[in-house]
1. What are the residues whose amide H is under 5 Å from the amide H of residue 368, where those residues sit 5 or more places off or on another chain and H is modelled from the backbone?
2. For labels at residue 525 and residue 223 in the simple 7 Å Cα→Cβ model, what's the distance in nm?
3. Report, please, the projected area of segment 325-589 averaged over directions, based on the convex hull of its C-alpha atoms, in nm².
4. Round to a whole angstrom and tell me the spacing of the C-alpha centers of segment 201-254 and segment 123-181.
5. Can you figure out the FRET efficiency of residue 86 with residue 114, using R₀ = 25 Å and their beta-carbon distance, to the nearest 0.05?
6. Whole-Hz Karplus ³J(HN,Hα) for segment 91-102, in order, using 6.51 cos²θ - 1.76 cosθ + 1.60 and θ = phi - 60°, x for Gly and Pro?
7. Give the dimensionless ratio obtained when the Cα radius of gyration of the chain is divided by 2.2 N^0.38 Å.
8. Once a ≥ b ≥ c are taken as the square roots of the eigenvalues of the Cα gyration tensor of segment 63-168, is the result rounded (a/c under 1.5), prolate (a/b larger than b/c) or oblate (a/b not larger than b/c)?
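No value in this document is a laboratory result; all are computed from the given coordinates. Source: prediction; values computed, not measured. Don't worry about glycine lacking a Cβ; one is built from the backbone with ideal geometry, like all the others, and counts go over all protein chains shown.
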Amino acid sequence: MSVQRRTGRPYRALATALAVACGVAACSPIPQESAVERGPALDEAHRQEISVEVEPPAPDATAEELVAGFLRTGLDPEDNFRVGREYLTEGASASWQPDERVLVHDERVSPGITEVAGGKVRVNLTVMGSVDASGVLTEAAPETREDLTFEVERVDDQWRISGLPNDIGVFLTQADFQRLYRPVDVHWGSPVSEELVPQTRWLRDGEGLASALGRTQVEQVPEYLEGAMHTGMPSGTRLEAAAVPVVDGIASIRLSEAMNEADGNRRNLAWAQFAATMRQLAGVEAVSLEAGGRPLSAASSAVGERLAYPQGAGYSVVSVDVPLVLLHQRQRLVAADPSSAELASAPQPSALDVPPLPASWERMAVAADFRTVGAVDGRQLGVWRDGRGTTHTVDGRLSAPSIDPLGFLWTTQRTDDGSEVLVLDAAGSSSGLRAQASPEVLEVPWLEDRAITQVRISPDGARALVLLREGGRDQVAIAGVVRGADGEPTSLAEPRAMVPAATAVRDLAWIDESSVAVLGEPADDGQQEVWRADVGGWTESQGHVDNAVAIAGYPDEREDGILITTDGGRVLTKAGATWFVATAASDVIVPGR
């Protein structure tokens with residue numbers, strides 16, 4: 001099943017200053033002090049005083065009633081979950097870590113609670129996902145059931161829980177979770193640009209949100225982004241105080257002495273990270289940083305005692321703007337306006353120079369500056385740079401290409417021996433791969449029995465959306481792009497799975513810097529499901545289509561920015577819950593993907 005999409009997205013108004021250039025018009029320099037109007041902070045639109053009372057154990061409650069009551073105590077965190085601890089023995093209370101893992105279950109399916117022999121109570125839940133202590137959401141596959149065992153014993157002639165399931169903190173229904181938790185972004189630095197890439201975390205709303213967000217940002221880069229992104233905080237850096245006070249609009253971040261080990265550039269990044277992250281909160285207008293009890297200096301002269309915008313430290317939050325898409329029509333690439341329901345014509349980019357391409361070139365990619373075009377036709381890979389073309393023949397059938405911001409073209413080839421990721425320096429931007437006149441196989445050491453059958457690079461170039469194949473099933477995942485000193489890709493970090501409902505996938509695409517679209521394979525009735533998912537968030541079904549062969553995505557305020565191409569050359573777009581034919585084309589290309 002799919003779950004309701006969250007009602008608000010993390011504040012990213014700062015990011016609009018760095019909208020991706022479309023090639024039609026030039027961008028202005030980024031100011032050190034942003035003049036962008038600040039949108040509503042993430043909890044200004046939703047924030048309300050949430051008062052939840054849960055009942056302590058009822059006198060003479062049965063073991064089953066006791067456990068049922070305990071499942072509700074995650075609603076009330078007051079006094080370190082004081083009421084929840086009343087359900088536990090002294091020993092169980094001492095070992096219980098409520099923040100260790102939040103288990104989110106489906107309120108539409110009542111938990112099965114059964115007392116079994118040996119002083120145990122078994123609980124069966126329909127699990128929708130879980131959130132770890134760092135706020136990372138892991139979505140469960142549809143209709144996932146989980147059996148949990150509680151140990152109970154008599155204390156003063158009353159049942160109490162003496163043993164909890166491993167690695168479980170609190171339990172919340174999905175509706176309660178959406179009400180009590182907020183999606184927020186932490187930010188990591190790109191190693192190839194002065195951009196901050198957001199990563200969504202889910203933290204409990206309320207008075208402790210600023211402190212929780214500060215603790216989360218001071219953590220190191222997660223495993224699936226290792227080598228692809230970096231942080232300004234050296235390993236071992238922590239918050240000196242448990243709380244992050246906010247006084248007169250200034251969030252004060254007090255870091256440990258380890259922060260002073262960072263050089264000036266890393267300090268710039270740390271300032272930018274905290275400015276971008278903490279300004280999501282209502283009432284926070286700037287940040288101040290200390291390390292070891294002293295103000296933290298930085299290389300940027302714009303950073304003083306406080307910083308209001310990450311631009312002052314030389315960084316901007318990555319953002320994506322797609323003013324036009326390209327339609328492959330009658331052997332030509334034709335510009336179209338994605339904001340138009342009919343995909344009306346748009347001004348043709350002057351930098352786009354490519355000869356007529358027959359429809360046999362079935363999938364294409366175009367660089368964000370329009371100077372590079374890649375296309376596949378079976379085992380043929382065509383690359384055109386400023387109008388000059390080269391064709392490469394490979395051993396296996398190629399998947400749809402993707403061009404990253406540094407000009408590297410990515411694809412996969414499928415052979416009798418499996419599938420390989422291929423990379424070509426199509427823009428001649430790297431000394432590492434430029435000497436090779438043909439695509440090179442990218443080494444991915446963690447694959448083992450899996451194969452990467454499709455790859456799409458994020459607009460920021462730091463992450464890869466990949467389709468893994470193992471045991472006859474597909475799995476959508478995100479992996480960091482590890483690059484060398486010249487920016488050439490050298491590997492992919494260990495992936496993190498997402499969109500667990502999609503186990504048979506026809507195509508996939510980035511929508512913007514934080515969401516993706518996935519097209520399923522036909523079911524027995526011929527229908528294909530379409531999903532939209534936030535990276536680090538929930539998946540939502542977008543309904544069903546048929547005869548679809550490809551999917552493309554672009555940012556849209558109504559969150560309808562998905563285009564489907566059918567095998568009959570129709571392009572479908574979505575308005576609300578309805579899919580309809582917008583135009584005709586054999587392929588839809590979003591530049592910079």
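1. Placed amide hydrogens put 592 under 5 Å from residue 368.
2. Between residue 525 and residue 223, the label points sit 3.9 nm apart.
3. Values: hull surface 53.6 nm².
Approximately 13.4 nm², given one-decimal rounding.
4. Answer, in whole Å: 26.
5. Values: r = 23 Å, r/R0 = 0.92.
The formula returns an efficiency of 0.65 here.
6. x, 5, 5, 5, 8, 6, 10, x, 8, 5, 7, 9
7. Ratio of Rg to 2.2 N^0.38 Å for the chain: 1.03.
8. Oblate, since a/c reaches 1.5 and b/c is not below a/b.
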